[in-house]
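First up is the structure itself, then whatever we jot down about it.
The values are calculated or read from the model by the stated rules, or taken from the named source; none is laboratory data. Computed from a predicted model, the values in this text were never measured in an experiment. Cβ: placed from backbone, ideal geometry, glycine included. Neighbour counts: every protein chain shown.
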């Protein structure tokens with residue numbers, strides 16, 4: 001059987017199994033084991049799997065995934081995200097767009113501890129939505145901005161999909177995190193400019209709000225309010241950037257800092273810490289299951305010749321490297337309609353990464369650009385998780401169709417941001433290069 005037939009059958013079967021409601025991790029395992037059984041005309045290909053699994057799962061680096069998740073849960077339960085939103089509101093409430101602008105800025109900062117799009121959208125949405133309703137903000141723009149801002153959670157480090165990319169491709173997590181910082185801030189800036197322009201043209205979209213509605217804080221109090229959260233963020237990013245700690249060690253430091261500050265500010269108790277810890281273990285185990293299934297899926301694509309066949313085929317086309325990049329990004333964009341970013345990274349990179357390397361792309365650059373296009377997966381139907389998060393928070397306030405319409409312009413803005421980093425690669429590479437020097 002030709003490589004393209006094998007690839008089409010594998011990905012088609014995976015999507016079909018997922019669409020009938022089987023969890024992602026189990027879908028990957030079922031598809032992979034069935035593919036290996038057929039490719040090997042028996043069970044002989046199964047014998048490679050135990051050693052393959054052990055090699056990748058026996059990883060100190062992989063430990064940082066549940067630790068980063070716990071860090072985000074501790075800060076969320078300590079209500080530091082509430083403080084961040086109110087403080088940003090005090091500083092930005094007079095800017096055109098007011099709370100919409102505040103929502104994007106809050107998402108960008110909270111992304112530096114969350115690791116996922118859903119966690120960012122949920123944390124900020126729960127705080128922002130009541131104020132948006134109370135002050136009569138235009139629903140589609142307001143909720144669409146929150147959904148899109150939440151998607152920054154996988155670009156601004158720490159990022160679970162970035163960690164998975166680095167494990168699969170054996171790249172430096174620290175360099176990858178550094179590569180996501182400037183594109184993430186740039187994308188947030190593009191969103192804010194778009195909101196400001198729209199609200200300047202039509203001020204009724206986002207009426208200004210009084211300081212009393214945000215707790216009546218002074219600018220000085222607002223600054224003091226966010227110090228605990230900034231301490232957690234800096235304890236992670238600076239220790240990684242300056243090489244003081246590995247990402248796993250930095251994740252542990254961040255989690256302990258969140259617990260310590262939560263206790264100092266009397267926002268956490270033993271019960272809350274235990275609940276957050278168990279939730280972190282549960283989510284971490286779920287991600288590890290997806291990782292295990294994706295390892296098997298990647299192994300099957302390699303044994304089936306899909307990765308090498310795809311690379312050889314594209315090389316023979318004789319197209320430019322940027323045409324290849326656009327083809328890859330287009331593929332990831334389409335998959336984003338049906339899958340979450342983490343499983344997309346894990347299932348496609350065994351085939352797409354060698355192709356990108358063949359055409360001379362830097363591994364960190366390719367990883368960051370791929371993550372940027374996968375941000376759209378969080379806000380595109382039918383599987384955009386941030387859309388469902390916003391609907392769950394908004395309940396009767398907004399319909400799903402209004403959320404999708406409100407998010408649509410931000411999909412185009414994400415694509416604009418990708419176009420900018422393709423034209424100016426140093427936006428991604430500046431910080432990683434400075435770490436290497």
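Looking at the structure I just gave you, is residue 300 in contact with a helix residue (DSSP H, G or I) (Cβ under 8 Å, 6 or more places away or on another chain), modelled with pLDDT of 90 or more and buried (at least 22 other Cβ atoms within 10 Å of the Cβ)? Let's see the steps before the verdict.
Details: in contact with a helix residue (DSSP H, G or I) (Cβ under 8 Å, 6 or more places away or on another chain): yes; modelled with pLDDT of 90 or more: no; buried (at least 22 other Cβ atoms within 10 Å of the Cβ): yes.
Here the answer is no, as residue 300 does not meet what is asked.
Regarding residue 388, is this residue surrounded by 16 or more Cβ atoms within 10 Å (Cβ to Cβ) and in contact with a helix residue (DSSP H, G or I) (Cβ under 6 Å, 6 or more places away or on another chain)? In short, no. Within the range 180-221, being in a loop (DSSP other than H, G, I, E, B) and either closer than 24 Å to residue 165 by Cβ or modelled with pLDDT under 90 (or both) holds for 206, 207, 208, 209, 210, 215, 216, 217, 218.
Which residues, counting only those in the range 9-33, are farther than 16 Å from residue 339 by Cβ and out of contact with any helix residue (DSSP H, G or I) (no Cβ under 8 Å at 6 or more places or on another chain)? So that I can check it myself, show each step before the final result.
Keep residues of the range 9-33 that are farther than 16 Å from residue 339 by Cβ, which gives 9, 33.
Those that are farther than 16 Å from residue 339 by Cβ and out of contact with any helix residue (DSSP H, G or I) (no Cβ under 8 Å at 6 or more places or on another chain): none in the range 9-33.
Scanning the range 129-147 for residues that are modelled with pLDDT of 85 or more, under 21 Å from residue 193 (Cβ atoms) and within 26 Å of the chain's Cα centre (by Cα), we see that the one that is surrounded by the most Cβ atoms within 10 Å (Cβ to Cβ) is 146. Of the residues 410, 366, 337, the single one that is in contact (Cβ under 8 Å) with a residue 12 or more places away in the chain, surrounded by fewer than 16 Cβ atoms within 10 Å (Cβ to Cβ) and either more than 30 Å from residue 32 (Cβ to Cβ) or within 17 Å of the chain's Cα centre (by Cα) (or both) is 337.
Being without any contact (Cβ under 8 Å) to a residue 60 or more places away in the chain, farther than 21 Å from residue 3 by Cβ and exposed (fewer than 14 other Cβ atoms within 10 Å of the Cβ) narrows it down to one residue among 330, 318, 271; which is it? So the residue among 330, 318, 271 that is without any contact (Cβ under 8 Å) to a residue 60 or more places away in the chain, farther than 21 Å from residue 3 by Cβ and exposed (fewer than 14 other Cβ atoms within 10 Å of the Cβ) is 271. Determine, yes or no, whether residue 159 is free of Cβ contacts under 8 Å to residues at least 60 places away in the same chain and crowded, with 19+ Cβ neighbours inside 10 Å. Here the answer is no, as residue 159 does not meet what is asked.
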